[in-house]
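Read-outs: derived from the displayed coordinates by stated rules, not from any lab. Since the model is a prediction, treat every value here as computed from it, not as a measurement. Every residue, glycine as well, gets a Cβ built from its backbone with ideal geometry; the counts of neighbours run over all protein chains shown.
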Amino acid sequence: MRHLGAALALIALTATHTTAAADNWPASAALHNPEGELVGEVRIRDTEEGALLHARLLDLAPGAHAFHIHESGTCEPPFKSAGGHYNPGDTEHGLDNPKGRHAGDMPNIHVPASGKTELEVLNEAVSVDELLSNDGGTAIVLHAGADDYSTDPAGAAGSRIACGVISKR
């Protein structure tokens, strides 16, 4: 039996870490805040275990933030246009939910005092092709607070502070 912690790995990387060539990342999302300022980029590629999301974030408030894949490829402030969490299996929300989770549910990210971080998240519930071919698209959304991993439907994570449409690179 797989442990959820192993299936959804969150690895903080140093700012000087080099990654694979750009052609190994077939999808990406440029994240903008509600004022339209660029606050990061998420690149996405498939692995044998699921989709690997590599995020470089800047100018964010320090602390824990929910990090989700949302069901609509639209990011109009205040980002409600991105819809709910990506949930093709019509399941309940939450990494701690014994009935399962949304495919777009992922671990919280933790931003240091500098407001900058680089991290990777492995989401075994999605693939690049699935995210790119979803009718209406998909998006990455960051929330003002942490996901509580249980409150249905969205984890009580607060307002949406950044959004980026997932598109082919």
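For the reader, a short list of remarks on this structure follows.
- For region 82-124, the residues whose amide N sits under 15 Å from a probe point set 7 Å from the Cα of residue 37 along the beta carbon direction are 114-117.
- Ranked 35, 130, 76, criterion: other C-beta atoms within 10 Å, fewest first: 35, 76, 130
- Where labels lie 7 Å past Cα in the beta-carbon direction, separation of residue 159 and residue 81 in nm: 1.8 nm
- Charge dipole (debye, nearest 20) of region 22-109; +1 at Cβ of Lys and Arg, -1 at Cβ of Asp and Glu: 80 debye
- Among 140, 161, the order by Cβ neighbours within 10 angstrom, fewest to most, reads 161, 140.
- Cα-centre dipole for region 75-169 with unit charges at Cβ (Lys and Arg positive, Asp and Glu negative), debye to 20: 360 debye
- Region 20-142: C-alpha gyration tensor shape, a/c 1.5 cut-off, then a/b vs b/c: rounded
- Counted by neighbouring Cβ atoms within 10 Å, the residues 86, 149 run from fewest to most as 149, 86.
- For trypsin sites (Lys or Arg not before Pro), no site in region 44-98 is both called loop by DSSP and has at most 12 other Cβ atoms within 10 Å.
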